[in-house]
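What follows is a set of notes on a single structure, which appears directly below.
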Amino acid sequence: MRYALYFTPRQDEQLARIAANWLGRDPFGAATRPVEAVGDLSAAEVAFHTASARRYGFHATLKAPFRLAPDETEVSLREALDTFAEVTPPVVVPRLVVGQIDGFFALVLEAPLPELNGFAGEVVRCFDHFRAPLTDAEIERRNPDSLKPGEFRNLCQWGYPYVFETFRFHMTLSGRAGPQESPRLRAAIDSLFADVLRHPVVVDALTLFVETEPGAPFMALSHHVLGRRRARKTA
């Protein structure tokens, strides 16, 4: 069993609904749903391009999937998430845009946002003691020979290459697409998300996801709203 700390919008938010329809699965449940044709892409093409992202559900990685350390439990993890969330303020993302990272499409920041990077770094640090060390096999699955030296150090120390100075906020929407496929895929994604991306996105919660067995879909297990103690003091 593996856990992960992600940001994902609430199930009833427009961005979450659009993403769930595009990916063919709501991360707040394991069941898939039929995908539909979008733009010039047939339903079969959408299903093909979203297959890898579907298993993880719509999310931005803050603490990558990990096995629990031997002296920790799901209960202790959820309690720590509650404590952290109570005193940590939300972060407003002025705008997300559609981008392509290493061949896959995702929603990414329009401009750098130091507050978001700082928040993501705190999540990595504060919850690292819940993570069991990576096994040699887990390190190999990350294809370490392809990583830059800093990314490899992060992998060994923090369990994930893309943290702190290499962190890239992104919400994955597809698998890797080649040059011939990318324009049609980009056009379909743009048409689907254009209206909702006109509005800011508020990173206002940490969501605990779980993979119950290898290859199983990641599911949202608990949703921890940020800034509740601060809000009570302000009220």
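Here, each number is a calculation from the coordinates, and none is a lab measurement. All of these numbers come straight from a predicted model, not from anything done at the bench. Note that each Cβ is placed from the backbone with ideal geometry, even for glycine, and that neighbours are counted across all protein chains shown.
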**Asked** When the Cα centres of segment 134-177 and segment 5-75 are compared, how far apart do they sit, in Å?
**Response** 20 Å
**Request:** Apply the Kirkwood formula to segment 2-234: the hydrodynamic radius equals the inverse of the mean of 1/r over all pairs of different alpha-carbon atoms; give it in Å with one decimal.
**Result:** 18.4 Å
**Request:** Quick one: which residues, 5+ away or cross-chain, put their amide H under 5 Å from the amide H of Arg95? H built at 1.01 Å from N.
**Result:** Glu110, Val201
**Request:** Using the number of other C-beta atoms within 10 angstrom as an exposure proxy, rank Glu151, Glu115 with the fewest first.
**Result:** Glu115, Glu151
**Request:** Filter the DSSP H helices in the chain by two things, a Kyte-Doolittle mean of at least -1.0 and an axial alpha-carbon span of 15 angstrom or more, and list the hits by number.
**Result:** 74-87, 114-126, 182-193
**Asked** Using +1 on the beta carbon of Lys and Arg, -1 on that of Asp and Glu, and nothing else charged, what's the dipole of the chain about the Cα centre, debye to 20?
**Response** 380 debye
**Asked** What is the spread of the Cα atoms of segment 80-121 along each of their three principal axes, largest first, in whole Å?
**Response** 37, 19, 13
**Item:** Residue of Gln180, Gln100, Gln157 that the Gaussian network model of the chain assigns the largest fluctuation, springs spanning Cα pairs under 10 Å
**Value:** Gln180
**Asked** Regarding segment 1-128, what is the average projected area of its C-alpha convex hull, in nm²?
**Response** 9.4 nm²
**Request:** Write out the trypsin sites (Lys or Arg not before Pro) in segment 91-141 meeting two conditions: DSSP loop, and at most 15 other Cβ atoms within 10 Å of their Cβ.
**Result:** Arg95
